[in-house]
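Novice: Okay, handing you the structure first.
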Amino acid sequence: MTAARTISFTLNGLPVTADVKPHHNLVELLQNQFSLTGARETCGQGLCGCCTVIVNGKAVSGCLYLASFVEGAEVVTVESLDTPQKLHPVQEAFVETSAFQCGYCTPGFVLMTTQLLEQHPDPDDDQIKHYLTGNLCRCATYPQVIEAVKLAARKRKAG
Ligand code: FES
Ligand code: FES
């Protein structure tokens, strides 16, 4: 049996350590050792975006990203966005536009939208579709997602 090794990294702004085995992926690490369930493994093939996590400022598929690779990295999950008192403006926008049905894909869309708005503060439809092309919604809420992104952009601009 392969031995686990201890890694250190920053998780949602806090320094943490974890024991990982070579075959563990990032979703397993977040769920099993930190009870963070926003990133979900669905397709397991890098195709659906449900497992999106930000590592060193870049979105990665947590299902394909080996846990040991986050040694020394800055890892950000969807759980970092809101507080018990207040949703993040992107989350508010998704709620206000009803941009989900079952909600399974929503954490991935929300996290990617925060990244999108960093790069394109006032995105048009094509930019939104292009940026979110790696996120799939089985409930087909895409029109509402586009509205949610535009509303989130307006909220962001308004401060
Ligand atoms: S579960 Fe990782 S991309 Fe689908
Ligand atoms: S809301 Fe159900 S998969 Fe997107």
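Novice: Return only the number of the condition from (1) under 26 Å from residue 133 (Cα atoms); (2) out of contact with any Lys or Arg (no Cβ under 8 Å at 6 or more places or on another chain) that residue 9 does not satisfy.
Specialist: For residue 9, the failing item is (1).
Novice: How do the pairs read when you match residues in region 129-147 that are of a type in the set (D, E, K, R) with residues anywhere that are part of a loop (DSSP other than H, G, I, E, B), using Cβ under 8 Å and keeping only pairs 6 or more apart or on different chains?
Specialist: 138/102; 138/104; 138/105; 147/97; 147/99
Novice: Separate question: Just name the residue that is nearest to ligand 1 (Cβ to nearest atom) out of those in region 14-34 that are under 11 Å from residue 75 (Cβ atoms) and within 15 Å of the chain's Cα centre (by Cα).
Specialist: 26
Novice: Can you list the strands (runs of 3 or more DSSP E) lying wholly within region 12-82 that have 1 or more residues being among the charged types (D, E, K, R)?
Specialist: Details: elements: 14-20, 52-55, 58-61, 74-76.
Fully inside region 12-82 and qualifying: 14-20, 58-61, 74-76.
Novice: Which condition breaks for residue 12 when tested against (1) open to solvent by 60 Å² or more (accessible area, probe 1.4 Å); (2) under 27 Å from residue 155 (Cβ atoms)?
Specialist: Among (1) open to solvent by 60 Å² or more (accessible area, probe 1.4 Å); (2) under 27 Å from residue 155 (Cβ atoms), the lone unmet condition for residue 12 is (1).
The values are calculated or read from the model by the stated rules, or taken from the named source; none is laboratory data. Note that the structure is a prediction, hence the values are computed from the model and not measured. With ideal geometry, Cβ positions are generated from the backbone for all residues, glycine too; neighbour counts draw on all protein chains shown. What goes into the accessible areas is simple: the full protein's heavy atoms, side chains included, and nothing from ligands, DNA or RNA. Shrake-Rupley method; radii C 1.70, N 1.55, O 1.52, S 1.80 Å.
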